[in-house]
Amino acid sequence: MRVEQETIQPDMTMKTKSRRWPAAAILLLIVSLASVSGQPAPKPVPAGNPATGQPPLIDPTTGLPLPQPEPQWIDQNWHDPGITLTNVMYDNLPLDEVARDLRARFKDNIDILPMPTAFGNNWGENISIRLQMKNVTATDVFNAMNLVFENDRTPLRWHLMNPSGTRCLVQLCVLPQAAPAPQTPAPEVRRVFFVGDCLGEKPTGMTMKQIVETVSEIWQKAYGQSGKIQFYEPAQLIIVTGTQEQIDFINQTVGALRDKANLVRDRAGSAGASPKIGPAASGGAAVSK
C-alpha cells in the first residue's frame, strides 16, 4: 500500500506560531505510518517451475495457475537428463504404462523404481493420468504429474533423486493420507430376552436347560468369545451384551425357538383331538379316509 503525503508549503506571511504542527497531529501521523508498514505484502503469483524456469500450468476450469507441489518432490542434487520431448500426451493411461513410455523416450537415462503397493493398493495399475504437454523435459513431465495429483487430491507424488550423482532415479511415493481411516469398534448395548414362552411340555418340548445349551452353542459358533451372553433360569431370561448385530442375532434365535415351541404345541393339540372321519353312509359304518 502506498501512502501519499501532501506537502504543505507554509505561508511565509503567517506568523511563526502558525507554522508549528500540533503534537497530537504528529503522533497520529507516526502511528498511521507504523500500521501501514506492518501490513503483509500480497502473495505473488507462482512463477512456474523453479527447476526449469517454465511458466506455471493453468487450470482450464478457473484460468488460475495450478498450485506448485511440495518442495520435497525433487532433491537438490537432481540433474535433468537434458532430453526435450516435443509432444507428451497421456489419456487416462495407467502409471505403469506411463513409466514404461518415459523410460523408453528418455533412452533409459532415468531409472523408475517399481510401483508401490502400499495399503493393499497396486497404484501403478489402479491410478491413471491424463496429461498433454509440448517441448518438455523429464523434470517438467514429473512436475506436471505431481500438480495433477495435487489438484485431484490423489495421494501420490513422484520423487526425483540422484543418490549416486550420475544416475537419474525416480520413485512414486504414497502419501500418508492414503492410509485407510482406523475403524472404530461398534458400540455395545445390552438387551434382555424372555424365553419362557419357548418352553414346551415333555417329552417333545424344550426345557430351560436345553434352551441355555442351544443358545450357548449357537452363540459360540457365530461369535466365539466376542460379546457376552448370560442366563437367569429362575426368571427364564437371557441377558445379551454386544453389538447391535449380535443383539439382532439373538432376537432371531429366540424367535426361531418360539416358532418351534408353537409348532410342538400345535402338533400336540392335533394329536389329542378326535380323528376326522368321512361322512357315514346311511345304515352303515363310517369309512375313514
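Only a single criterion out of (1) loosely packed, with under 14 Cβ neighbours inside 10 Å; (2) touching a Ser or Thr at 6+ places or on another chain (Cβ under 8 Å); (3) not in a strand (DSSP E or B) is not satisfied by Val264, namely (1).
A single entry from Arg157, Arg153 fulfils the requirement of being surrounded by 19 or more Cβ atoms within 10 Å (Cβ to Cβ), among the basic types (Lys, Arg) and either under 27 Å from the mean Cα position of the chain (by Cα) or modelled with pLDDT of 95 or more (or both): Arg157. Screening the candidates Thr184, Thr241 for the property of being more than 30 Å from Phe119 (Cβ to Cβ) and out of contact with any helix residue (DSSP H, G or I) (no Cβ under 8 Å at 6 or more places or on another chain) yields one hit, Thr241. The single condition among (1) crowded, with 18+ Cβ neighbours inside 10 Å; (2) at negative phi that Ser164 does not meet is (1). Hey, any hits in the stretch 221-243 for a residue that's among the aliphatic types (A, V, I, L, M), in a helix (DSSP H, G or I), modelled with pLDDT under 90 and under 46 Å from the mean Cα position of the chain (by Cα)? Scanning the stretch 221-243, I find at least one residue that is among the aliphatic types (A, V, I, L, M), in a helix (DSSP H, G or I), modelled with pLDDT under 90 and under 46 Å from the mean Cα position of the chain (by Cα), so the answer is yes.
Among the conditions (1) over 30 Å from Thr214 (Cα atoms); (2) at pLDDT below 90; (3) small (Gly, Ala, Ser), Ala186 misses just one, which is (1). If only residues of the stretch 107-140 that are more than 25 Å from Pro60 (Cβ to Cβ) and in contact with a Cys (Cβ under 8 Å, 6 or more places away or on another chain) are counted, the one that is surrounded by the fewest Cβ atoms within 10 Å (Cβ to Cβ) is Asp111. Within the stretch 241-262, the set of residues being β-branched (Val, Ile, Thr) and over 15 Å from Glu217 (Cβ atoms) comprises Thr241, Thr243, Ile247.
In the stretch 72-155, counting only strands (runs of 3 or more DSSP E) that sit wholly within it, the ones holding 2 or more residues that are of a type outside the set (S, T, N, Q) and under 29 Å from Pro180 (Cβ atoms) span 88-94, 128-133. Only residues that are among the hydroxyl-bearing types (Ser, Thr, Tyr) and modelled with pLDDT under 80 were counted across the stretch 244-272, and they come to 1.
The values are calculated or read from the model by the stated rules, or taken from the named source; none is laboratory data. What you see is a predicted model; the values in this text were computed from it and never measured. Glycine also receives a Cβ, built like all others from the backbone with ideal geometry; neighbour counts cover every protein chain displayed.
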